[in-house]
1. Could you sort out which of Lys154/Lys288; Lys12/Lys288; Lys266/Lys288 sit more than 25 Å apart by Cα distance in this structure?
2. Answer with a single label: of (i) 28, 25, 22; (ii) 30, 28, 17; (iii) 41, 22, 16, which was calculated as semi-axes √(5λ) of the Cα gyration tensor in Å from the structure in view?
3. Could you size up the charge dipole of the chain around its Cα centre, putting +1 on the beta carbon of Lys and Arg and -1 on that of Asp and Glu, and report it in debye to the nearest 20?
4. Tally Lys/Arg at +1 and Asp/Glu at -1 over every other residue whose Cβ is under 13 Å from the Cβ of Ser256; what's the total?
5. Determine the dipole magnitude for the stretch 138-295: charges of +1 sit on the beta-carbon of Lys and Arg, -1 on that of Asp and Glu, nothing else is charged, the reference point is the Cα centre, and the result goes in debye to the nearest 20.
6. Starting from the amide H of Gly62, placed 1.01 Å from N in the peptide plane, find each other amide H under 5 Å away whose residue is 5 or more places distant or on another chain.
7. Please list, in order along the stretch 194-210, the HN-Hα scalar couplings obtained from phi with the Karplus expression 6.51 cos²θ - 1.76 cosθ + 1.60 (θ = phi - 60°), rounded to whole Hz, x for Gly and Pro.
8. What is the percent carbon and sulfur in the accessible area of the stretch 83-233, measuring with a 1.4 Å probe over the protein chains and ignoring ligands?
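The values are calculated or read from the model by the stated rules, or taken from the named source; none is laboratory data. Computed from a prediction, not measured in an experiment: that's the story for all the values here. When we count neighbours, we look across all protein chains shown, and the Cβ atoms used for this are built from the backbone with ideal geometry, even at glycine. Just the protein is used for accessible areas: all its heavy atoms, side chains included, with ligands, DNA and RNA removed. Shrake-Rupley method; radii C 1.70, N 1.55, O 1.52, S 1.80 Å.
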Amino acid sequence: MDPLSQILHLLKFDVSVYHNAKVCGNWRIAEHKLGSTCFHIVMTGNLLLDVPGHFKGMLNSGDLVIFPRELSHTMTPVAVVEGEQRHLDYLEAANIDGTGLLCASVQFRHQGSRYLLDALPLAFVIRYDPSNYWLKSLLDIFLAENLSSGPASKVIFDRLSELLFIYAFRQYLNEHPSEVGMLGLYSHARLARVVAAIHEQPEREWTLDEMAQVAAMSRTAFAEKFKSVSGWTAGQYVTWWRMQLAWSMLSDGKDSAEVASRVGYKSESAFSRIFRKTFDVTAGKVRKASSRQAA
């Protein structure tokens, strides 16, 4: 897998749709759960989005807003509408004016998710463009499914929303590589090769010279570029990746000594110190928590 795929696979996240309806009447929708990761996509019509201090404007059909950590915000009709607020399914509201809106939450099951979320802006909008194949295709499927309402529709909407989130996340990284902190490594051709090598061999005692060689750069140029793109040294990234793998393996019930060895530590005590410093919890507690959940 490429480095970004490995990160997203490791973080193990679930996407759940909590609103999928046509909103009619004089409606107003506010935040769902402050601090949570969520997104909204306009299925049909348009709306006014107000995120105080960050964004205020219109979202049209196909536009998407993502909150890495949900902020206070409101969504309202663009034009004055009479009548009480109603949330109707699309078949029922076929001939009623309103705005189709889908909202979903994203729940990460790995502590490393905070690094991903911290690297993103507090809120960002991806505009609909029919030449953008993934957004157009997913929007068409969403709309078709809303009109069919067949069996297993909730599961289908959740899975489609998961794809929507991944595509949107990838597009933002590709379009704003200088604004996403350490995530910028994954869209930098030479540095991404190094990150992929680190991911494939976390147990290796990586030297700066070896990493620079993989990047086909001089030692100095590599060190400077890695730091300028990510804000981290290459050594810090090696340690960070090892700890993310360790959390995942401990959560799966693996023994601390085995995990230490698999992520490149000859001493279990040295591994335990770094793990606790990284997550503010001991490796033993993470493993015990996984054992209780399994039971």
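1. Working: Lys154/Lys288 34 Å; Lys12/Lys288 19 Å; Lys266/Lys288 22 Å.
Check vs 25 Å cut-off fails for Lys154/Lys288.
2. Computed from these coordinates, semi-axes √(5λ) of the Cα gyration tensor in Å corresponds to label (iii).
3. Working: 31 positive and 30 negative charges, 234 e Å.
The dipole magnitude comes to about 1120 debye.
4. Details: positive: Lys254, Arg262, Arg273, Arg276, Lys285, Arg287, Lys288; negative: Asp252, Asp255, Glu258, Glu268.
Spelling it out: positives minus negatives among the neighbours equals +3.
5. Working: 20 positive and 17 negative charges, 121 e Å.
In debye, rounded to 20, the stretch 138-295 gives about 580.
6. When sequence neighbours closer than 5 places are left aside, the close amide H contacts are Val42, Met43.
7. Using θ = phi - 60°, the values come out as 5, 4, 4, 5, 5, 5, 6, 10, x, 7, 6, 7, 5, 9, 4, 4, 5 Hz.
8. That fraction is 51 percent.
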